[in-house]
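The values are calculated or read from the model by the stated rules, or taken from the named source; none is laboratory data. All values derive from a computational prediction rather than experimental measurement. Ideal geometry is used to build each Cβ from the backbone, glycine not excepted, and the neighbour counts take in all protein chains shown.
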Amino acid sequence: MKKWLAVLLALALIGLVSPVAYSASPKLGQACSKSGQRVVVAKVPLVCKTATKAQQKKTKSKLVWAKYVAPKPAPVLNPTSPLSPIPAFAPAEACRIQDTSQSFTKAGFPQHSQMKRTGSTLVVQLIYIDFADVVATGKPSDDRVFWTDGVSKFLADMSNGTVKFEWRTTESYSRMSKKLADYRVTRSAGGSTVPLVQEAISLVDRQIDFTGVDFVVAVLPPNTPRELSDVSPALMLSSSDPFKTNEGRVYRATLVGGDMRFPEGHLLLSHEIGHLLGLHDYYWYGWKPGMNYEDQFKFMGNFDNMNFAPGNSREWTAWSRWLIDFLPDSKVLCAREGVEASAQLEAVSKAGSVPQLLVIRTSETEAIAVESRRNTRHDSKASSTSNGLLVYTIDTKIFSGQGPLKIVRKPGSVDALFSDAPLKAGDSLRVGSWIISNIESGSDWDVVKITPVK
């Protein structure tokens, strides 16, 4: 009897002992006893953490050794660098360099009187047309959302939501009087698109009320071959010879041709509407087939839809937005002559309240601009190398297509489309009598420091 009692006591004591065996030398996946404990074994950091259900079943433990991965540092929400007080900067209007040309599109101020917005909503009339040699196979309702949604989203974002679009569309295609080939709307044929647009307006004038319309867009069928329509220019007519409607005059129009029929074609229409709002072309008009493809963007690389419409860094520059009142004076900092200053600049791809543009006026018609770029929103296709402070010059004496805006590359920048041109934290460059530095960066902002060269 005593023998059996001894056996039972021994079994009871065994039951009180944990069945988990802890290794003297921790190994990945083995049981451990103290949550959060960290060790280094053979140069591999391990941490004791909660086991998965499968690990618990295997090890008979709620805790196991796992590979330790250091947490990412929390983003810096606010700059730690000293920032200059507002009085260190001049009023924004002091940096409105002059453009005295009579052109509808400009690189400086003031805007041409016909290009100014009269309200926060822009009205666009789409007129769907087809031809005997290019017959539409669907209905406008099958196509219009591609333009209305894509263009509205892009341009509303360029104004950070302050500008909205009202789209009016015809419900059917109107047949033009001639074959499309006879209108000669190709680069090689050199025909004018003005008569085509005026005829489109006249065809629908009885059924369409053009009151309040800012822009007319003549839309050719989706099956339009590029060889019959490879150019869709912005058309800006003078007050003495406008487009005519029963309700009055319309001064601005464009068309959707075969050249816009690709997955991101709405970006080309956004580009043309940019002209109708008063913006220049920033790409090089001197480029010809046979030259290096990148050479046509030799002034601004990948940046700005008014330069490279479907480029990876397509967000309009802050200067472009300021020119057409898409960016208010409250978000523009104007440097004082010869005064050192530093400021936080919010990325142009973010809608916030922090300034997004710093301007250094260098003459009546020239300036240096600095803005923050991030590969977010419409720049999401860009690489992280394009993040940082983008520095560029403006010269209003230089015409559209000849480089009125030019990016200033940082030392060591070599990318053909300038994706590595922006200043990262710690980078500096000199432009004329100023040194421009990026002294700190956050997730969606940079701190710029400008120092006059004595």
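In table form, for the structure just shown:
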{"item": "Checklist (1) buried (at least 21 other Cβ atoms within 10 Å of the Cβ); (2) within 20 Å of PRO242 (Cβ to Cβ); (3) out of contact with any helix residue (DSSP H, G or I) (no Cβ under 8 Å at 6 or more places or on another chain) applied to THR118, failing item", "result": "(1)"}
{"item": "Residue list for segment 53-73, filter: under 19 Å from GLN37 (Cβ atoms) and surrounded by 11 or more Cβ atoms within 10 Å (Cβ to Cβ)", "result": "GLN55, GLN56, THR59, LYS60, SER61, LYS62, LEU63, VAL64, TRP65, ALA66, LYS67, TYR68"}
{"item": "Single match in PRO404, PRO422, PRO411 (criterion: surrounded by 21 or more Cβ atoms within 10 Å (Cβ to Cβ) and without any contact (Cβ under 8 Å) to a residue 60 or more places away in the chain)", "result": "PRO422"}
{"item": "Hey, THR385 under 19 Å from the mean Cα position of the chain (by Cα), farther than 25 Å from LYS298 by Cβ and surrounded by fewer than 18 Cβ atoms within 10 Å (Cβ to Cβ) or not", "result": "no"}
{"item": "Odd one out for LEU327, checked against (1) under 19 Å from LEU417 (Cβ atoms); (2) out of contact with any His (no Cβ under 7 Å at 6 or more places or on another chain)", "result": "(1)"}
{"item": "Residues located in segment 362-382, provided they are crowded, with 24+ Cβ neighbours inside 10 Å and not in a strand (DSSP E or B)", "result": "ARG374"}
{"item": "Among the residues listed as ALA351, ALA347, ALA343, ALA369, the single one being over 20 Å from the mean Cα position of the chain (by Cα) and touching a residue at least 24 places away in the same chain (Cβ under 8 Å)", "result": "ALA343"}
{"item": "First in segment 35-47 and assigned by TED's automatic domain parsing to the domain that holds LEU63, second anywhere and assigned to a loop (DSSP other than H, G, I, E, B) and of a type in the set (D, E, K, R), Cβ under 9 Å, 6 or more apart", "result": "SER35/LYS62; VAL41/LYS27; LEU46/LYS27"}
{"item": "Pairs where the first residue, in segment 153-175, is without any contact (Cβ under 8 Å) to a residue 40 or more places away in the chain and the second is of a type in the set (A, V, I, L, M, F, W, C), C-beta under 8 Å, 6+ apart", "result": "ALA156/VAL163; ALA156/PHE165"}
{"item": "Segment 90-115 - residue that is among the hydrophobic types (A, V, I, L, M, F, W, C) and part of a loop (DSSP other than H, G, I, E, B) and, of those, surrounded by the most Cβ atoms within 10 Å (Cβ to Cβ)", "result": "ALA107"}
{"item": "Residue tally, condition small (Gly, Ala, Ser) and surrounded by 15 or more Cβ atoms within 10 Å (Cβ to Cβ), over segment 429-454", "result": "3"}
{"item": "Extreme residue, nearest to ASP446 (Cα to Cα), among residues of segment 339-353 that are among the hydrophobic types (A, V, I, L, M, F, W, C) and modelled with pLDDT of 95 or more", "result": "LEU345"}
{"item": "Filtered residues of segment 100-130 (kept if touching a strand residue (DSSP E or B) at 6+ places or on another chain (Cβ under 7 Å) and either under 19 Å from THR170 (Cα atoms) or among the charged types (D, E, K, R) (or both))", "result": "LEU122, VAL123, VAL124, GLN125, LEU126, ILE127, TYR128, ILE129, ASP130"}
{"item": "Output for segment 93-119, where each listed residue is more than 21 Å from LYS397 (Cα to Cα) and either modelled with pLDDT of 95 or more or small (Gly, Ala, Ser) (or both)", "result": "GLY119"}
{"item": "Residue count, segment 431-445 (criterion: within 14 Å of TYR392 (Cα to Cα) and among the hydroxyl-bearing types (Ser, Thr, Tyr))", "result": "1"}
{"item": "Segment 185-204 - residue that is loosely packed, with under 15 Cβ neighbours inside 10 Å and not small (Gly, Ala, Ser) and, of those, nearest to LEU276 (Cα to Cα)", "result": "VAL194"}
{"item": "Flag for ARG336 being under 18 Å from GLY432 (Cα atoms) and either at pLDDT below 95 or not hydroxyl-bearing (Ser, Thr, Tyr) (or both)", "result": "yes"}
{"item": "Single unsatisfied condition, LEU122 versus (1) among the hydrophobic types (A, V, I, L, M, F, W, C); (2) outside any loop (DSSP other than H, G, I, E, B); (3) at pLDDT below 95", "result": "(3)"}
{"item": "Residue in segment 50-58 that is at pLDDT below 95 and in contact with a Gly (Cβ under 7 Å, 6 or more places away or on another chain) present", "result": "yes"}
{"item": "Subset tally (residues that are in a loop (DSSP other than H, G, I, E, B) and either without any contact (Cβ under 8 Å) to a residue 12 or more places away in the chain or surrounded by fewer than 24 Cβ atoms within 10 Å (Cβ to Cβ) (or both)) for segment 284-305", "result": "9"}
{"item": "Which numbered condition ASP130 fails, given (1) closer than 30 Å to ARG336 by Cα; (2) surrounded by 19 or more Cβ atoms within 10 Å (Cβ to Cβ); (3) touching a Ser or Thr at 6+ places or on another chain (Cβ under 8 Å)", "result": "(1)"}
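Residue by residue, here is whether (1) at pLDDT below 95; (2) under 30 Å from the mean Cα position of the chain (by Cα); (3) surrounded by fewer than 20 Cβ atoms within 10 Å (Cβ to Cβ) holds:
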{"site": "PHE210", "(1), (2), (3)": "no, no, no"}
{"site": "ALA218", "(1), (2), (3)": "no, yes, no"}
{"site": "SER240", "(1), (2), (3)": "yes, no, yes"}
{"site": "THR245", "(1), (2), (3)": "no, no, no"}
{"site": "GLY258", "(1), (2), (3)": "yes, yes, no"}
{"site": "LEU267", "(1), (2), (3)": "no, yes, no"}
{"site": "SER270", "(1), (2), (3)": "no, yes, no"}
